[in-house]
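Just so you know, all these numbers are worked out from the coordinates, no wet-lab data involved. Quick caveat, the model's predicted, so the values are computed rather than measured. FYI the Cβ positions are ideal-geometry reconstructions off the backbone, even for glycines, and counts take in every protein chain you see.
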Amino acid sequence: MIDKIPLEKVLFLDIETVPMVGEWKELSPKDQEMWEKKTERQRPDTLTASEFFEQRGGIMAEFGKIICISVGMQHDFNSIKIRSFADDDEMLLLAEFSNIFEHEKLQNVILCAHNGKEFDFPWIARRFLINGMMPPVPFQMFGKKPWEIPHLDTMELWKFGDYKTFISLELLAHIFKIPTPKDDISGADVAQVYYKDKDLKRIVTYCEKDVLTLANILRRMRQEELYIRSI
């Protein structure tokens, strides 16, 4: 039962990702070739490989990078503490993020994200490996039975076994009467804000709003009052 989940052990998280470079021409010829092969069956006939890269390069871990990971944990029953790891150097970001799992409180942590099983969790694990680092233990799944994997996904919880359903974080927030995290930018704007505007701080603020919204969606699913952010 969802109301039996020990919230004090849940690490709510969200990531923001962008293409590995700002423009198609900055990719090496080999990277361009690999992108064309990987996306050959996904690209609409109306889009070139370079145009598709601008749209989807930040979605695939092989051709993108993480620029921000925001996490939140319950401070007390009514509030949540949120912090972020953000850097242009992805390796430094991941190393700093990895350090939090050495804390005793996070030894048996439960990871929670919206669409985390399809996006956030595998993305983080893949980028650790690409950067020559071992993913933190909560992201390692090999040899574990399904019920031993400490991952919560609010999209999966909303599906109730219905594999056809997709629902955005924004829509869940709306139906649960939670303040929207999309009051400034959306995921589609992140690459432009990063590469064109060079405003990583704005992206961090957006990511942290998503974490608070994620946590409050789980609270609403448990029929509980909303968290406030602890300073």
* Inter-label distance for S168 and M141, nm, one decimal - labels placed 7 Å from Cα along Cα-to-Cβ -> 2.5 nm
* For I110, distant residues with modelled amide H under 5 Å away -> V10, L11
* To do: Exposed loop GluC sites (Glu not before Pro) only (DSSP loop, at most 16 other Cβ atoms within 10 Å): please give the longest stretch of the chain free of them, not including the sites.
  => 119-223
* **region 38-145: relative contact order in percent, alpha carbon pairs under 8 Å with at least 6 residues between** => 17 percent
* Using a Gaussian network for the chain with springs between C-alpha atoms less than 10 Å apart, which of these wobbles most: D183, D120, D199? -> D183
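If Lys and Arg each add +1 and Asp and Glu each add -1, what is the summed charge of the other residues whose beta carbon sits under 10 Å from the beta carbon of I15?
Net charge around I15: -3.
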* Asked: Can you give the calculated 222 nm mean residue ellipticity of the chain, where each DSSP H run of n ≥ 4 adds -39,500 (n - 2.57) and the sum is split over every residue, rounded to the nearest 500 deg cm²/dmol?
  -> -10000 deg cm²/dmol
* Asked: How far is helix 120-130 tilted off the main Cα axis of the chain, in degrees rounded to 10, range 0 to 90?
  -> 50 degrees
* Structure fact -> The Cα radius of gyration of region 141-221, divided by 2.2 N^0.38 Å with N its residue count, comes to 1.33
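What percent do you get for the relative contact order of the chain when only Cα pairs under 8 Å and 6+ apart count?
Computed value for the chain: 27 percent relative contact order.
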* 5 Å binning of all Cα-Cα separations within region 1-116, expressed as whole percents from 0 upward -> 2, 10, 16, 17, 13, 11, 10, 8, 7, 4, 0
* Asked: Rg (Å, one decimal) plus Dmax (Å, integer) for the alpha carbons of region 63-129?
  -> 12.7, 40
* Structure fact -> Sites removed, the longest contiguous part of the chain containing no DSSP-loop trypsin sites (Lys or Arg not before Pro) with at most 11 other Cβ within 10 Å is 42-143
* Rg/Rh for the chain: what does it come to with C-alpha atoms and Rh from Kirkwood? -> 0.96
* region 190-231 - Debye-derived log10 I(q)/I(0), Cα point model, q = 0.16, 0.27, 0.31 Å⁻¹ -> -0.52, -0.85, -0.98
* Would you mind checking which residues have amide H under 5 Å from I178's amide H? H placed 1.01 Å from N; only 5 or more apart, or other chain. => none
* Asked: List the lysines whose alpha-carbon lies under 17 Å from that of K198, not counting same-chain residues fewer than 8 positions away?
  -> K65
* Would you mind telling me which residue in W147, W158, W123 has the biggest mean-square fluctuation in a Gaussian network model of the chain, where springs connect alpha carbons within a distance under 10 angstrom? => W147
* What is the dipole size for the chain, taken about its Cα centre, with +1 at each Lys and Arg Cβ and -1 at each Asp and Glu Cβ, in debye to the nearest 20? -> 600 debye
* Using modelled backbone amide H atoms (1.01 Å from N, in-plane), which distant-in-sequence or interchain residues come within less than 5 Å of C68's amide H? -> E16
* F77-E26 pseudo-label distance in nm [points 7 Å out on the Cα-to-Cβ vector] -> 4.9 nm
* Remind me, what semi-axes does region 76-184 give for its equivalent ellipsoid, largest first in whole Å, using sqrt of 5 times each Cα gyration tensor eigenvalue? -> 25, 19, 15
* Asked: Once phi is turned into ³J(HN,Hα) by the Karplus curve 6.51 cos²θ - 1.76 cosθ + 1.60 with θ = phi - 60°, what whole-Hz value does each residue of region 35-48 show in order, with x for glycine and proline?
  -> 5, 4, 5, 5, 9, 3, 8, 9, 6, x, 4, 7, 10, 7
